[in-house]
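What follows is a set of notes on a single structure, which appears directly below.
Laboratory data are not the source of any read-out in this text; all were calculated from the coordinates shown. Since this is a predicted model, take the numbers as computed values, not measurements. Virtual Cβ from ideal backbone geometry, glycine too; neighbours counted across all protein chains shown.
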Amino acid sequence: MSHWKMDCDADGYVWLTIDVADKSVNVLTHAVLEELDQIIGDLVKQDNINGLALLSGKPGGFVYGADVRQFELLKDAGAVADHIGSVHHTMNRLAAAPYPTVVGIDGVAVGGGLELLLAFDRIIATASPKTQLGFPEVGLGILPGYGGSGRAYRRVGLEQVLALMLTGKSINADKALATGLVDELVASESDLRGAAKSWLDAQNGAQNGIKPVRDMKPVPADADAIFKAASDAYLSRARPDHTPAPFAIMDHIRDHMTDPQAMTDAELTIFPVLMTSPASKGLRRLFDYQDKVRKSGRGDSGIKHVHVIGGGVMGGDIAAYTAMMGFRVTLSDQNADAINAAIDRARVLYERRLKTEDKIADALSRLAADPAGDGMATADLIIEAVAERVDVKQVVFRDMEQKAKPDAILATNTSSIPLASIAEVLEHPDRLVGIHFFNPMPVLPLVEIIWADTTADAVTTRAMQFAGQLKKMPIRCKSAPGFLVNRALLPYIYGGIAKMLAGTDADCIDEAMVDYGMPMGPIELADQIGLDVTHDAGVPLGIADDVAAALQEHIGKGNLGRKSGRGFYEWDGKKAIRPRAAYPASDAAALAVELLQPMISECQSAVNEGVVENADMADAGMIFGTGFPGFRGGPLFWASQQN
Ligand code: NAI
């Protein structure tokens, strides 16, 4: 089936649309590109054409880019080079068409979609907020590979092309016009065809049908300063041994600043190397996990009113954030001061995130102090976040079930209590689900949605959807000790502590994991979490005696880690005081492999025991929940690549 439709009108203009009947044209699959190549090949042979116009046949959408998943099927750098070589051939022929060419878009044109636009002489876009243009490739560990780098550079110049390619962020229609990425804006999709025709008419009138020549933006005299500023702004947190793409992009642009076509041609050499690099493989896994996890939380939970019990660290944040995201929230706590403190913290959160007075007032109006817990009677979802004690939780749930509507979901934020122990006291345990947020809740994306054998599937699904509506990353987990994240993270931390007790320097352990890509190593992480929490959370999982004793000794002295200013390290506010010394790279790499073993093996057994659905979800959980480096693709994916 052809993905393209083509008509030729009386003026000699060829009108091309991407056929909307086939959803796959949201991305440029290899089949779509091959057909385009044939079309362009046929068109260049005809001599009665006065112009070519491409319009999206899909209202509100254009092209989301190349089909990333198809790249997985290309087995090596040579196959990647062959593929992009043939796309370059198509795009170069399109760019060199002997008549004026114009493209009109309404909606998203990013990655390969933007590269397709750039092969046209003129780009017209709607001023709609849906119109977004960008190069997200850096986030996948690559650079544009369908000829877009040099063509974008020719249009927007050095500073803007660096911003586009290094941030990966899309820009809207106004910004695209201001930077020269597009040439003209129209009000709506229905204006695109007319605007394209007017331009073709103008070219065929005054210009006699001669193709316009686009001069490149001049190389700025202060190019070095622009590179330096871009490096400071976009690369300061990147490391070439972790994610080589942004550094390769910098070099690519610097090397071909005077010749945009050479820049485009050089993609053929660099792109296959980056595409087959371990970092790009890992980042493509991450992209895939994000997609799968978001889809698993899609849909309307039907929840409008949420009641939260317990306004402490977690409950307060859950209530505040949930109201910020548009839900009506009531908050109860046995201690009225805790409710007031939670609402004060909510105001701070809203001021930081929502900025305008109207929005702040709106969010605050959705969050109500409810010391008597009256909201329980009308809530669609009740979330318990009281102390981590089974007897306390049982009392709360018994009362909750009496007061709740019959179809309300009853949820716990417990991090370690088996759902079965709470379900014991319920008449309808099918309504009970765990919604395990992480601390700090407004910041961390992962939510473990915990189900027990008693939990109704529909309840788990609605909890997943609720997390999706909060714009979080929900992962379904069976109620088993530590769920996924604590089960895999704590043994890794304990392993690090055991290594330290066996004589390896703490700083050396932590540096090995920072070198690997973790935000911090296991010893510093224990201090950061708090040594008391690190100890207590592991009790249901089992802690080696020497590790438990070391933790207890510190706890006994009141040295709880960052929060008390001293733990395994001394702390200076938010920073652990440690040498951060340089250790031989091969030693550090070997140490990282050893330290990761407990995490890898726990992730694997969580998969084997059905705690998570599959290895991808285990990897996703560790990336979204613990800061495990995305470019490694998750512990299980990384381990699978090591032999
Ligand atoms: P917290 O001690 O800061 O807050 C608990 C709040 O519950 C207090 O304000 C207390 O007054 C209130 N409370 C206690 N018993 C109550 C009752 N019977 N009725 C009404 N209110 C009651 O505790 P935190 O840290 O917020 O933990 C709450 C839950 O969240 C626990 O189950 C914990 O395991 C879980 N959790 C904690 C995380 C953390 O990092 N703090 C992370 C993820 C889960």
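Quick check: Cα centre of segment 612-637 to Cα centre of segment 136-150, how many Å?
25
Over 28 Å between C-alpha atoms is what I'm after, so list which of Lys169/Lys575; Lys5/Lys217; Lys281/Lys355; Lys355/Lys472; Lys304/Lys403; Lys292/Lys478 land there.
Working: Lys169/Lys575 30 Å; Lys5/Lys217 35 Å; Lys281/Lys355 38 Å; Lys355/Lys472 21 Å; Lys304/Lys403 18 Å; Lys292/Lys478 18 Å.
Pairs exceeding 28 Å: Lys169/Lys575; Lys5/Lys217; Lys281/Lys355.
Quick one: angle between helix 313-324 and the longest Cα principal axis of the chain, in degrees between 0 and 90, rounded to 10, please.
Helix 313-324 sits at roughly 40 degrees to that axis.
Within 9 Å, Cβ to Cβ, of Arg69, how many net charges do the neighbouring residues add up to if Lys/Arg are +1 and Asp/Glu are -1? Mind showing how you got there, number by number?
Values: positive: Arg284; negative: Asp67, Glu72, Asp288.
Taking every Cβ under 9 Å from that of Arg69, the sum is -2.
Plugging the Kirkwood radius over Cα pairs into Stokes-Einstein for segment 501-643, at a temperature of 25 °C and a viscosity of 0.890 mPa s, what D comes out in µm²/s?
Values: Rh = 16.2 Å.
After rounding, the answer is 152 µm²/s.
Express the relative contact order of segment 4-276 as a whole percentage, based on alpha carbon pairs under 8 Å and six or more residues apart in sequence. If you can, show how the numbers build up before the last one.
Details: 490 pairs, mean separation 53.7, N = 273.
After rounding, I find 20 percent.
Pick out, from Ala323, Ser277, Ala223, the residue whose Cα sits farthest towards the positive end of the charge dipole of segment 194-331, with +1 on the Cβ of Lys and Arg and -1 on the Cβ of Asp and Glu.
Ala323
Determine how many Å³ per residue the convex hull of the Cα atoms of segment 4-276 encloses. Before the final figure, lay out the partial values.
Values: hull volume 33.4 nm³, N = 273.
It is 122 Å³ per residue.
Remind me, relative contact order of segment 218-302 in percent, using alpha carbon pairs under 8 angstrom and six or more residues apart?
Values: 23 pairs, mean separation 19.0, N = 85.
This gives 22 percent for segment 218-302.
Rg and Dmax of the chain over Cα atoms: what are they, in angstrom?
28.2, 89
Is segment 433-481 rounded, prolate or oblate when judged by the Cα gyration tensor, a ≥ b ≥ c being the square roots of its eigenvalues, rounded requiring a/c under 1.5 and prolate requiring a/b larger than b/c?
Numbers: a/c = 2.96, a/b = 1.48, b/c = 1.99.
Oblate.
Quote the charge dipole size of segment 4-276 about the Cα centre in Debye, to the nearest 20; the model charges only the Cβ of Lys and Arg (+1) and of Asp and Glu (-1). Kindly include the intermediate steps, with their values, before the conclusion.
Details: 23 positive and 35 negative charges, 94 e Å.
In debye, rounded to 20, segment 4-276 gives about 460.
Go through segment 493-499 residue by residue and turn each phi into a ³J(HN,Hα) via Karplus (6.51, -1.76, 1.60, θ = phi - 60°); whole Hz please, and just put x for glycine and proline.
After applying 6.51 cos²θ - 1.76 cosθ + 1.60, I find 5, 4, x, x, 5, 4, 5 Hz.
By its C-alpha gyration tensor, with a ≥ b ≥ c as the square roots of the eigenvalues, how is segment 264-390 shaped: rounded for a/c under 1.5, else prolate for a/b larger than b/c, else oblate? Intermediate values should be presented prior to the final figure.
Details: a/c = 2.84, a/b = 2.35, b/c = 1.21.
Prolate is the answer for segment 264-390, as a/c is 1.5 or above and a/b outweighs b/c.
In bins 10 Å wide, starting from 0, what share of all Cα pairs of segment 95-248 does each bin hold, as a percent?
For segment 95-248, the pair-distance distribution reads 11, 37, 33, 14, 4, 0.
Where the Cα atoms of segment 132-213 are projected onto their three principal axes, how long is each span, largest first, in whole Å?
Computed over the Cα atoms, the extents are 45, 27, 21 Å.
In whole angstrom, how far apart do the alpha carbon centroids of segment 501-545 and segment 345-375 sit?
36
Quick one: what do you get for segment 30-171 if you divide its Cα Rg by 2.2 N^0.38 Å? Please list the in-between numbers first.
Numbers: Rg = 15.0 Å, N = 142, 2.2 N^0.38 = 14.5 Å.
Relative to the 2.2 N^0.38 Å estimate, segment 30-171 comes out at 1.04.
What aspartates and glutamates sit close enough to Lys175 to cross-link, taking a C-alpha to C-alpha distance under 13 Å and skipping anything fewer than 8 places away on the same chain?
Straight-distance partners of Lys175: Asp183, Glu184.
If I take every Cα pair under 8 Å that is 6 or more residues apart in the chain, average their sequence separation and divide by the length, what percent do I get for the relative contact order?
Working: 1205 pairs, mean separation 60.9, N = 643.
Worked out over the chain, it gives 9 percent.
Need the C-alpha centroid separation for segment 37-113 versus segment 549-603, integer Å.
51
With a sphere of radius 15 Å drawn around the Cβ of Leu551, what net charge do the other residues whose Cβ falls strictly inside it have (Lys, Arg +1; Asp, Glu -1)? Don't skip to the answer; put the middle values down first.
On the way: positive: Lys499, Lys557, Arg562, Lys563, Arg566; negative: Glu524, Asp527, Asp532, Asp536, Asp545, Asp546, Glu553.
Charge balance near Leu551 sits at -2.
Per residue Cα convex hull volume for segment 305-482, in cubic angstrom?
Working: hull volume 17.0 nm³, N = 178.
Dividing the Cα hull volume of segment 305-482 by its residues yields 96 Å³.
Would you pull out the residues with amide H under 5 Å of Tyr13's amide H, same chain only if 5 or more places away, H placed 1.01 Å from N?
Hits under the 5 Å cutoff: Asn50.
Name the long-range amide H neighbours of Val447: under 5 Å, sequence gap of 5 or more, or other chain; modelled H, no Pro or chain starts.
Met473, Ile475
Could you list which residues have their amide H under 5 Å from that of Glu184, counting only those 5 or more apart in sequence or on another chain, with H placed in the peptide plane?
Under 5 Å from the amide H of Glu184 lie the amide H atoms of Ile123, Ala125, each far enough along the sequence or on another chain.
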